[in-house]
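Written below as structure tokens is the structure these notes are about.
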Amino acid sequence: MEALIQMILPSVVLPLLLSVLLWWISRYYSVALWALPLIWLPSLIWLIGWPSLVPAEANEWLMWLVIIATLINFMYKSKPRVLLASHTFLLLLAVIAIAWPVMKYQFDMTLVIELLVVITVAIVLYLFSVSNLITTPTLSMAISSAGMGIVIALGGSLLVGQLAASLASVLAVFAISEVIRKRQQSSLGTLKLIPVMQIYLAILVIARIFAEIPAGPSALLLVAPLAGLIPATRYASAFSAVSVTAAISWLLLTADSSSYY
Amino acid sequence: MKNSIFKTAYSAAAIVIALGATSVSAEVAKVGFYKIDPAHTNVQFSVSHLGTSNLVGRFNKVAGDISLKSNGDSKVEVTIQTNSVDSNHQKRDQHLRSPDFFNARQYPVMKFVSNKVSHNNKGEPVSVTGKLSLHGVTQDVTLAVKPVGAGKDPWGGYRAGYDATTTIKRSAFGMNFMPGGIGDDISITLNIEAIKQ
């Protein structure tokens, strides 16, 4: 029981509380919404400890990714092209940094191709985000993140799964808010969600490389936010839910089903 | 008749090997440079699970050298591939390789390098102190050593064997995941057989 509480506190309770607080503040000061990705940081630090100034492990790069992505978002919010290029370049650097410990021992062409696919999906995601046409982007990202948390926890690493779950918890309040507003234009808007997408993709890369999440479920998790954003319909989030459910099912059907934890 | 001949030959071979083994265990290992024989070396660990039992696992890929000297200036170096962790459960092994524990793709090897080897009055090593690098952290570790035997093997080579034990705290090496469920103290046993070069 104690172990369960220790897992839930940083991955669900803390980010949810911070999310409620930010949502409440943003009712009076809408500018606060730009800080959404930053409220994920306390969970990250709780889970992996205070990251080194020069990160030694893949998880530690996430802190710098969040901070720089938030700054880029705030600085270039009115310059879509610069914003798009900066975020893409940042993710490229982050992905190289994350994969470097593996690549320095052995060059792996398959891994390079997989990383290029991630960057390509990211560019598409950011392009649609800049257009800001989607009605429920937060719900879609929350579903994708929650699904990713479940897949990673079941498939390889509770720690990395908790990082994804905390991201879903950060988004949960805003996602509910979107649904309550009957899917009118999201208060967040897809633009403000780009740093969240960066975190999502970086966690997915970490899970694939270091937690050995199989290629099939990883591909479905990569597609999940995309599926939720591309079709500009009222049911966009349902596409994310379908991808995520397929990823979880795939993992459960193909992985060793004997009880372990 | 045929069976009887085979049985006699088999018994004779068994006696020869047994005699050889007896001579192996009788003496103190000669000074010299030894390479660890991975086929006859075992690295095992034990850790408390939920405070109710001890889980035992091992590493299947180990290599290393022992430089045995009479003046007490002996050296030991052991390298273990962290991705070879084997706890007799495929799913758990994947979890042990993940960032929750060994983070095997980030830190593919753990390495022990001695800086002091203490000998008894017969010249046998009894303890080894050195640096253990694991999970990106290097800490001082002392192993209690028990010489098992040494001598010629049936193929003309010369072998020496040692059992070494120590206990480390995984938290000291930055492996802090699930402190409540999985014990902090890890007992490590190395059963080493080394071949003189």
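Report, by residue number, each residue of the range A:37-64 that is part of a helix (DSSP H, G or I) and away from chain B (no Cβ under 12 Å). Steps first, answer last, please.
To start, the set of residues in the range A:37-64 that are part of a helix (DSSP H, G or I) comprises A:37-48, A:58-64.
Once the filter is applied, which keeps residues that are part of a helix (DSSP H, G or I) and away from chain B (no Cβ under 12 Å), the range A:37-64 yields A:P37, A:L38, A:I39, A:W40, A:L41, A:P42, A:S43, A:L44, A:I45, A:M63, A:W64.
How many residues are in a strand (DSSP E or B) and either touching a residue at least 40 places away in the same chain (Cβ under 8 Å) or acidic (D, E) (or both) when one looks only at the range B:135-160? Working first, answer last.
The first filter runs over the range B:135-160 and keeps only residues in a strand (DSSP E or B), leaving B:137-152, B:158-160.
Still in the running and either touching a residue at least 40 places away in the same chain (Cβ under 8 Å) or acidic (D, E) (or both): B:140, B:143, B:147-152, B:158-160.
Of the residues in that region, 11 qualify.
Go through A:L115, A:L84 for me and flag whichever is crowded, with 20+ Cβ neighbours inside 10 Å and assigned to a helix (DSSP H, G or I).
On the way: A:L84 fails: crowded, with 20+ Cβ neighbours inside 10 Å.
After applying the criteria, what remains is A:L115.
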Residue pairs qualifying under the 6 Å Cβ cut-off, at least six apart or on distinct chains, with the first in the range A:119-138 being more than 15 Å from A:S240 (Cα to Cα) and the second being of a type in the set (S, T, N, Q) and modelled with pLDDT of 80 or more, are A:I123/A:T88
Is one or more of the residues making up the range B:18-41 hydroxyl-bearing (S, T, Y), at pLDDT 80 or above and on the phi < 0 side of the Ramachandran plot?
-> yes
Examine the range A:20-36 for a residue that is free of Cβ contacts under 8 Å to residues at least 12 places away in the same chain, in a helix (DSSP H, G or I) and farther than 19 Å from A:K192 by Cβ, and state whether such a residue exists.
-> no
Quick one: count up the residues across the range B:86-130 that are under 23 Å from B:V141 (Cβ atoms), among the charged types (D, E, K, R) and in a loop (DSSP other than H, G, I, E, B).
-> 2
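Being of a type in the set (K, R), closer than 26 Å to A:V102 by Cβ and touching a Pro at 6+ places or on another chain (Cβ under 8 Å) is the requirement here; does B:R97 meet it? Quick ask: steps written out before the conclusion?
On the way: of a type in the set (K, R): yes; closer than 26 Å to A:V102 by Cβ: yes; touching a Pro at 6+ places or on another chain (Cβ under 8 Å): no.
Here the answer is no, as B:R97 does not meet what is asked.
Quick check on the range A:126-150: of everything there that is aliphatic (A, V, I, L, M), assigned to a helix (DSSP H, G or I) and at pLDDT below 85, which residue is surrounded by the fewest Cβ atoms within 10 Å (Cβ to Cβ)? Quick ask: steps written out before the conclusion?
Pass one, the range A:126-150, residues aliphatic (A, V, I, L, M): A:127, A:130, A:133-134, A:139, A:141-143, A:146, A:148, A:150.
Still in the running and assigned to a helix (DSSP H, G or I): A:127, A:130, A:139, A:141-143, A:146, A:148, A:150.
So of that shortlist, the ones also at pLDDT below 85 come out as A:127, A:130.
Details: A:L127: 13, A:V130: 16.
Here the residue is A:L127.
Is it the case that the range A:242-254 has a residue that's within 14 Å of chain B (Cβ to nearest Cβ), assigned to a loop (DSSP other than H, G, I, E, B) and either under 17 Å from A:A211 (Cβ atoms) or modelled with pLDDT of 80 or more (or both)? Can you show your working first?
If we filter the range A:242-254 for residues that are within 14 Å of chain B (Cβ to nearest Cβ), which is where we start, we get A:251-252, A:254.
Retained after the next criterion (residues that are assigned to a loop (DSSP other than H, G, I, E, B)): none.
Within the range A:242-254, not a single residue is within 14 Å of chain B (Cβ to nearest Cβ), assigned to a loop (DSSP other than H, G, I, E, B) and either under 17 Å from A:A211 (Cβ atoms) or modelled with pLDDT of 80 or more (or both).
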Any idea which residue in the range A:74-110 is farthest from A:I203 (Cα to Cα), counting only those that are free of Cβ contacts under 8 Å to residues at least 24 places away in the same chain and among the charged types (D, E, K, R)?
-> A:K79
Of the residues in the range B:167-182 that are surrounded by fewer than 19 Cβ atoms within 10 Å (Cβ to Cβ) and assigned to a strand (DSSP E or B), the one that is nearest to the other protein chains (Cβ to nearest Cβ) is B:K169
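The values are calculated or read from the model by the stated rules, or taken from the named source; none is laboratory data. Everything numeric here is computed off the predicted structure, so don't read it as measured data. So basically every Cβ, Gly included, is an ideal-geometry build from the backbone, and we count neighbours across all protein chains shown.
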